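Nothing in this text is a laboratory measurement; each read-out follows from the coordinates by a stated rule. Just so it is clear, the structure is predicted and the values come from calculations on it, not from any experiment. With ideal geometry, Cβ positions are generated from the backbone for all residues, glycine too; neighbour counts draw on all protein chains shown.
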Amino acid sequence: MKNLEALETIDKTGKDTLVQFKEAVNYNKWIIEQFSDYLQGEDLLEIGCGLGNITSHFTDKFRVTAVDIQQNYLDYVKNKFKIKTFKYDLSKKPYFNREFDSVYSLNVLEHIKNQEKALKNIHKALKDNGRLVILVPAFNWLFGSLDKEIYHYRRYTKKSLRRVLEKTGFSVSRTMYFNVFGIPGWFLNGKILKKKDIPDGQLKLFNKLVPLLKILDKPFHPFMGISVIAFAEKI
């Protein structure tokens, strides 16, 4: 598989969104800066690899295993990065058993109806004292047409994310909000205009502004952001 056009279009909206964000290089790096230093060990599991937008930043530092529910994404990522990939639905039975030092999951948990089952399976995949980073969309008042189009069940707060992590066996060391400047666009497009996707021009402009926005965003991390990030350990 040599290019994105070779991908099947089982989930066209999801794929189109991933392709959009693949081009948002500054934004992807900004996300990675929030959690990369927290990861430990050698064996790293990425849950929901998509087209490898984040995967590429870790393959030279860890033994990366990537999972997704879309086989076409996995084929693309395996071919491009030469890493282990598995088709895996987190809402079903455990697949891994104490194999990983660290796990990260970005914008995945909100797609899973049985979130507790998913987190218990992640817990089982981690070695003792293994670390988890999880990023999910924030604030249910932002839930709109964009969320519905990409099959979100929910959005979170720092409190609700901490609560479900602790309930499933994790010790949460820190939570924070991220990217307050993404809120106006998401609210406008999803709540007011009822759009089904993010206008490409808006995302490109946002990506160009990231070097400035990431400086201005830091004071808002305790209070507000379009996403919430949790840093946790298996206990």
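Brief remarks follow.
- Here is the list for segment 50-132: chymotrypsin sites (Phe, Trp or Tyr not before Pro) lying in DSSP coil, each with at most 16 other C-beta atoms within 10 angstrom of its C-beta, are Y95.
- Backbone geometry of segment 109-118 corresponds, through the Karplus equation with coefficients 6.51, -1.76 and 1.60 at θ = phi - 60°, to 3J(HN,Hα) couplings of 4, 5, 8, 9, 4, 8, 5, 5, 4, 4 Hz, x marking Gly and Pro.
- The dipole here belongs to the chain: it is taken about the Cα centre, uses +1 on the Cβ of Lys and Arg and -1 on the Cβ of Asp and Glu, and is about 500 debye.
- Potential lengthening between K195 and E99 on full extension [0.36 nm per residue; Cα-Cα distance subtracted]: 30.4 nm
- Label-to-label distance, nm, for residues given as E149 and D43 (7 Å Cα→Cβ offset): 4.0 nm
- Counted by Cβ distance under 15 Å from G190, the other residues give a net charge of +3, where Lys and Arg count +1 and Asp and Glu count -1.
- Taking chymotrypsin sites (Phe, Trp or Tyr not before Pro) across segment 184-235, the ones in a DSSP loop with at most 12 further Cβ atoms lying within 10 angstrom of their Cβ are F223.
- Sites L212 and R174, calculated FRET efficiency, Cβ-Cβ separation with R0 25 Å, nearest 0.05: 0.50
- DSSP beta bridge pairing in segment 4-234, given as percent antiparallel to the nearest 5: 45 percent
- Charge dipole of segment 88-128 (Cα centre as origin; +1 on each Lys and Arg Cβ, -1 on each Asp and Glu Cβ, all else neutral): 220 debye, rounded to the nearest 20.
- One decimal place: the segment K159-K120 gains 12.2 nm when fully extended, by the rule 0.36 nm per residue minus the C-alpha distance.
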